[in-house]
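Each remark here refers to the structure printed beneath this line.
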Protein chains: 2
Amino acid sequence: MPELTPQLSLLLQSAALWSQLIKRADSQLSVHGISFTEFSILHCLSQAPLQQLSRIELANGVGLSASGVTRLLAPLEKIHLVEKAQVARDARVSLVKLSTVGAQIYQDARQTLGYCAEQFAAPLTPRQQEQLADLLARLA
Amino acid sequence: MPELTPQLSLLLQSAALWSQLIKRADSQLSVHGISFTEFSILHCLSQAPLQQLSRIELANGVGLSASGVTRLLAPLEKIHLVEKAQVARDARVSLVKLSTVGAQIYQDARQTLGYCAEQFAAPLTPRQQEQLADLLARLA
DNA sequence: TAGATATACTTGCATACTCAAGCATCTATC
DNA sequence: GATAGATGCTTGAGTATGCAAGTATATCTA
């Protein structure tokens, strides 16, 4: 049995870490009634100009398929965290806009996720956290 | 709108990166007829003494629930990549053992995933890869 | 040694996606 | 300006999980 290459063990290592992390984030966000993916949606919207994006832009932003976005957005619309809007010059696109309520939930959830992220990053010194962010940025 | 904390943006950054990575790994592994999760199963087994583990150990090893393991294992058994075995002293546990065929598929898939991991890590120098592995190890 | 509790699974039901196909609309070409 | 192709989105069907509840077996305690 040959040794694992460092790159492969890096990948496996990331895998284990990630699934753990997502579970923790999801469970902590559940008090706000949203999942991590839904948080990502709200986050994307909140960063967008006018706090609105087309569904395709949103899909790219959160790394989901177009159909995934459609299905994910339905419940968020139902509870009025986001709203539909139309583009005059193109009847195909259906814009998604962060509602006032949505923006508030996002802020609250961000607080919660912030704590989660702190716990996550706690084993590292601030200097190391910077390093890690830098290394990850190079990978993207 | 307050600024994102560095920890939170670290978490969001990892999220985006990870979903990308898994998709690439899955698509490259598909030529061997297995998913990344299935690869993880085979990997866990191959590292275990006697190349066998109980389903619970396997679940912990790959970060899945017990039921997830049960369902994942069914098709792997059907195509004879793994085999069932029993423990004499405890009739509850059902051991899973890597078969000869399974070990072969694992080796092949590992090769493929190795390339994938290399591509992934390519933007980093070997020194940086080491650093990254070290930082991730601290997080676990 | 009988019953209570814990453990190792499995199964039913729900959720969160994906891909392929379909529909509406836009754009470009002749 | 008709028609062919591209684009944005939705929907149907399938896959990959998780959680809660159920079953079988083991262990502990009175």
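The values are calculated or read from the model by the stated rules, or taken from the named source; none is laboratory data. Here the structure is a predicted model, which means the values were calculated and not measured. So basically every Cβ, Gly included, is an ideal-geometry build from the backbone, and we count neighbours across all protein chains shown. Just the protein is used for accessible areas: all its heavy atoms, side chains included, with ligands, DNA and RNA removed. Shrake-Rupley method; radii C 1.70, N 1.55, O 1.52, S 1.80 Å.
Observations
- Relative to the longest principal axis of the Cα atoms of chain B, helix B:100-121 runs at roughly 0 degrees.
- A:THR70 accessible area, 1.4 Å probe, all protein chains in place, Å² to nearest 10: 70
- Per-residue surface analysis assigns B:SER67 an accessible area of about 60 Å², computed on protein heavy atoms at 1.4 Å probe radius.
- Note on chain B: GNM, Cα springs under 10 Å; of B:ILE41, B:ILE56, B:ILE79, the largest mean-square fluctuation is that of B:ILE79.
- For the protein assembly as shown, the solvent-accessible area with a 1.4 angstrom probe is 53 square angstrom per residue.
- 3J(HN,Hα) from dihedral phi, segment A:68-73, Karplus parametrisation 6.51/-1.76/1.60, rounded to Hz, x for glycine, proline: x, 5, 3, 5, 5, 6
- A simple spin-label model places pseudo-atoms 7 Å from Cα toward Cβ; at B:GLU3 and B:ASP108 they are separated by 5.3 nm.
- Partner lysines for B:LYS97 [C-alpha distance under 20 Å; skip if fewer than 8 residues away on the same chain]: B:LYS78, B:LYS84
- Net dipole in debye of the protein assembly as shown [+1 Lys, Arg Cβ; -1 Asp, Glu Cβ; about Cα centre; nearest 20]: 540
- Residue among A:PRO49, A:PRO126, A:PRO75 with the largest mean-square fluctuation in a Gaussian network model of chain A, springs linking Cα atoms under 10 Å: A:PRO126
- Helix B:36-47 axis, angle to chain B major axis (alpha carbon atoms, nearest 10°): 60
- Our note on the geometry: Cα centres of segment A:20-70 and segment A:75-114, 10 Å apart.
- Sulfur and carbon atoms: percent of accessible area, segment A:1-73 [1.4 Å]: 58
- Net charge dipole size for chain A [Lys, Arg +1 and Asp, Glu -1 on Cβ; Debye, nearest 20]: 360
- Chain A: most fluctuating residue of A:ARG71, A:ARG110, A:ARG24 per GNM, C-alpha cutoff 10 Å: A:ARG71
- Accessible surface of A:TYR106 - all protein chains present, 1.4 Å probe, nearest 10 Å²: 0
- Heavy-atom accessible area buried between chains A and B is around 4600 Å² (1.4 Å probe, both sides summed).
- Two-site label geometry, B:GLU130 and B:ILE56: point separation in nm, points 7 Å out along Cα→Cβ: 4.0
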